[in-house]
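The structure under discussion appears below in the form of structure tokens.
The values are calculated or read from the model by the stated rules, or taken from the named source; none is laboratory data. This is a predicted model, so every value here is computed, not measured. Using ideal geometry, Cβ is built from the backbone for each residue, glycine included, and neighbour counts are taken over all protein chains shown.
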Amino acid sequence: MPAPKIVIFNDTHGWHSDQLVSALQLLGITAELVDLADCLIDLDYPTGLVIPGFEDQLPAAAMVRGIAPGSLEQITLRMDVLHTLAELNVPVFNSANAIEHTVDKARTSLRLHLAGLNTPRTWACENRALARKIVQQQLVKGASLVIKPLFGCQGKGIEKITSINQFDDLEAVGDTFYLQKYVTPFEEGQWQDWRLMVVDNQVCAAMSRRSQHWITNFAQGAECFATTVTTEMEQLAIKATHIVQADYAGVDLIRDHHGKYTVLEVNSVPAWKGLQQATGIGVATHLAQALATRIHSDQLDHANN
């Protein structure tokens, strides 16, 4: 049987793709690096899909590392490819469903809330007057709010609102208002959160991020440290990953001033460079092993059928 060949999807391949390729090679799996935007739907082909490097076959699995920003139509076509691969019984890691549940922050908040998991109070709407009313009500109660782009990562475009004038001066990204109640840190002036990497229902690595500023993303200059996690934190991260139907995820937790842990975000296409630097754990090895397990299971199913 020839060595399995998978596809890794990203719009810009770099360090993360290199890490995955090396980890997969050690397991006898080769990888083709592809941009979803370069795939073609062509009904002259039996599967209806043309993926660069896989013109005569389907990949043994697909790893989604990133999807470039684009118009609604462009994103829809890219998700069509992922949905179709899953319908053709190709393991997709993470699935289109998981990505849809997490790339849209409001969707994530809703799923976490409906599942009863701790997550910050959240409001999302398109109406500026309604958003302003929400902000005003919360400010009167002594709360601050955080506004985030509905689609975004690495702490970009996030602003803290402590006055109504601040809100009035804001230009919301995409004319949508995704607002969360600001979580006061457990220790005043000590901004800290935790990133837990969950792969197949296990936390394989975890780090603490500390900053001199309330935004604690690694990309925004936060310091990262290896850390141990409590059973409470571990179970919260695993449950959050399960709720968004992700096979793997980077789950961000924060501890409020009551000492209670809450889920800030669930990222279904997480970066792990800062995590690996802080912990020395080869996250790509865990991801490659999870992919190999799916490939071998899929091959066994085909053999039995």
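Structural remarks
- Only one of the listed residues (A240, A172, A205) is at pLDDT below 95 and surrounded by 13 or more Cβ atoms within 10 Å (Cβ to Cβ). That residue is A172.
- Candidate set from segment 161-207 (those that are in contact with a Lys or Arg (Cβ under 9 Å, 6 or more places away or on another chain) and hydroxyl-bearing (S, T, Y)); member that is nearest to I243 (Cα to Cα): Y178
- Some residue of segment 247-269 being at pLDDT 95 or above, more than 19 Å from V64 (Cβ to Cβ), part of a helix (DSSP H, G or I) and not hydroxyl-bearing (S, T, Y): no
- The set of residues in segment 128-151 being under 14 Å from Y182 (Cα atoms) and either in a strand (DSSP E or B) or among the small types (G, A, S) (or both) consists of G142, A143, S144, L145, V146, I147, K148.
- Residue that is surrounded by the most Cβ atoms within 10 Å (Cβ to Cβ), among those in segment 29-42 that are free of Cβ contacts under 8 Å to residues at least 40 places away in the same chain and either in contact with a helix residue (DSSP H, G or I) (Cβ under 9 Å, 6 or more places away or on another chain) or under 23 Å from S71 (Cβ atoms) (or both): A31
- Taking (1) in a helix (DSSP H, G or I); (2) surrounded by 15 or more Cβ atoms within 10 Å (Cβ to Cβ); (3) out of contact with any Ser or Thr (no Cβ under 6 Å at 6 or more places or on another chain); (4) small (G, A, S) in turn, A124 satisfies each apart from (1).
- Complete set of residues in segment 46-95 that are more than 19 Å from I29 (Cβ to Cβ), touching a residue at least 24 places away in the same chain (Cβ under 8 Å) and part of a strand (DSSP E or B): L49
- All conditions but one from (1) in contact (Cβ under 8 Å) with a residue 12 or more places away in the chain; (2) out of contact with any strand residue (DSSP E or B) (no Cβ under 6 Å at 6 or more places or on another chain) apply to I147; the one that does not is (2).
- Number of positions in segment 228-262 that are of a type in the set (S, T, N, Q) and in contact with a helix residue (DSSP H, G or I) (Cβ under 6 Å, 6 or more places away or on another chain): 1
- Entry remark, segment 3-45: residues being under 25 Å from the mean Cα position of the chain (by Cα), closer than 15 Å to A60 by Cβ and either charged (D, E, K, R) or modelled with pLDDT under 95 (or both) number 2 in total.
Residue-by-condition table, conditions (1) small (G, A, S); (2) touching an Asp or Glu at 6+ places or on another chain (Cβ under 6 Å); (3) closer than 16 Å to K5 by Cβ:
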{"residue": "P59", "(1), (2), (3)": "no, no, yes"}
{"residue": "I67", "(1), (2), (3)": "no, no, no"}
{"residue": "Q74", "(1), (2), (3)": "no, no, no"}
{"residue": "P120", "(1), (2), (3)": "no, no, no"}
{"residue": "A129", "(1), (2), (3)": "yes, no, no"}
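- Some residue of segment 240-251 being closer than 21 Å to Y182 by Cα and among the β-branched types (V, I, T): yes
- Selection from segment 54-81 of residues that are exposed (fewer than 14 other Cβ atoms within 10 Å of the Cβ) and in contact with a strand residue (DSSP E or B) (Cβ under 9 Å, 6 or more places away or on another chain): Q57
- Among the candidates A284, A288, residue that is surrounded by 23 or more Cβ atoms within 10 Å (Cβ to Cβ) and either on the phi > 0 side of the Ramachandran plot or at pLDDT 95 or above (or both): A288
- Residues of segment 1-49 satisfying the condition of being within 22 Å of Q277 (Cβ to Cβ) and touching a Leu at 6+ places or on another chain (Cβ under 8 Å): I8, N10, H13, S17, L20, V21, A23, L24
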